[in-house]
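Each value in this text was obtained by applying a stated rule to the coordinates, not by laboratory testing. Everything quoted here is computed from the prediction, not taken from an experiment. Methodologically, a virtual Cβ is constructed for each residue, glycine included, from the backbone with ideal geometry; neighbour enumeration extends over all protein chains shown.
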Ligand SMILES: [Fe+2]
């Protein structure tokens, strides 16, 4: 056999050897492991040429489905559990170096609907005026892991509407809704109004939807509101609050649910709300305190 007659056994070595000149150590490690695992996979499943071509076409279609409002690759990563694995590893790494009284708020997936640059909102504002759904009052505090309040912490909040539809999914010119950035007061408190989020199916009209269907899986996420909570000198956390009695809490299609993030939504009759707002119809309340770990250094 000459060097130009690679076989099923020798090919992997040959490809790995091409990385010897790579100067970026971490990148060389990532690529070597990727090549090794991909080759192992191809050998293990005895991949057929038509299956390989179907996989390439699937990835091509996934890329072609992305645009400025739709992120099919994040959806693919989410539904294969890779996003949640990366989140869990990051959190495990952070908590290993932490010696706090209470752990920081657990993180979960960012998902494909984050939109940078949500408008600044005042505490107590309704971030979902005119958005379909039942009103909900959100309140709580942001503290450090020792329980000390953090003033001026930023909550970057977003959710779908009461029917589970995100602004980015609506046809026509892009317009933000049910999004906002709020800052905690001197006592670390936050409060705002939005809607009670509904469960929703992930987009099923693209290649990821076809994959989910073919796998025989359910396509729904339980009701949740997203937020990135950040403050100077602290590790930001990208997380959700899940509605306690929502369907699909046990079968979230992106594996994002964590028990510590499930929050009871209590129904209140019409009348004066905790922040003094007069509510002409019944509404929901949800309370949650966020804890941020100190950043290293
Ligand atoms: Fe979501």
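Below is a table of values for the structure above.
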{"quantity": "Which of 141, 26, 217 has the fewest Cβ neighbours within 10 Å, and the rest in rising order", "calculated": "26, 217, 141"}
{"quantity": "On Cα atoms only, tilt of 82-96 relative to the major axis of the chain in degrees", "calculated": "70"}
{"quantity": "Beta bridge orientation in region 72-292: antiparallel %, DSSP, nearest 5", "calculated": "75"}
{"quantity": "Using alpha-carbon coordinates, inclination of helix 25-45 to the longest axis of the chain, degrees", "calculated": "70"}
{"quantity": "Computed [θ] at 222 nm, helices only, for the chain once each DSSP H run of length n ≥ 4 contributes -39500 (n - 2.57)", "calculated": "-8000 deg cm²/dmol"}
{"quantity": "Rough spin-label spacing in nm, given labels placed 7 Å along Cα→Cβ, for residue 295 and residue 278", "calculated": "4.5"}
{"quantity": "Approximate spin-label separation residue 86-residue 151, in nm, with each point projected 7 Å along Cα-to-Cβ", "calculated": "3.7"}
{"quantity": "Ascending count of other beta-carbon atoms within 10 Å, so fewest first, for 214, 277, 258", "calculated": "214, 277, 258"}
{"quantity": "Between 0 and 90°, nearest 10: helix 49-65 axis offset from the chain longest Cα axis", "calculated": "30"}
{"quantity": "Residue with peak Gaussian network fluctuation, the chain [Cα springs, cutoff 10 Å], from 260, 230, 198", "calculated": "260"}
{"quantity": "Förster radius 22 Å - calculated FRET efficiency between residue 171 and residue 59 (Cβ-Cβ, nearest 0.05)", "calculated": "0.25"}
{"quantity": "Most fluctuating residue given options 137, 58, 27, as computed from a GNM of the chain linking Cα atoms under 10 Å", "calculated": "27"}
{"quantity": "Overall form of region 44-116 per C-alpha gyration tensor (a/c, 1.5; a/b vs b/c)", "calculated": "oblate"}
{"quantity": "Rough spin-label spacing in nm, given labels placed 7 Å along Cα→Cβ, for residue 7 and residue 38", "calculated": "2.4"}
{"quantity": "Net length gained if the chain between residue 30 and residue 134 were fully extended (0.36 nm per residue, minus Cα distance)", "calculated": "32.8 nm"}
{"quantity": "Theoretical gain in end-to-end length, residue 213 to residue 115 [0.36 nm per residue, Cα-Cα removed]", "calculated": "32.5 nm"}
{"quantity": "Residue with peak Gaussian network fluctuation, the chain [Cα springs, cutoff 10 Å], from 282, 197, 222", "calculated": "282"}
{"quantity": "Pairwise centroid distance, computed over Cα atoms, of region 68-122 with region 233-248, Å", "calculated": "9"}
{"quantity": "Gain upon complete extension [residue 66, residue 267; 0.36 nm per residue less C-alpha separation]", "calculated": "68.5 nm"}
{"quantity": "Rounded if a/c under 1.5, otherwise prolate or oblate - the chain, Cα gyration tensor axes", "calculated": "prolate"}
{"quantity": "Relative contact order %, the chain, counting alpha carbon pairs below 8 Å whose residues are six or more apart", "calculated": "19"}
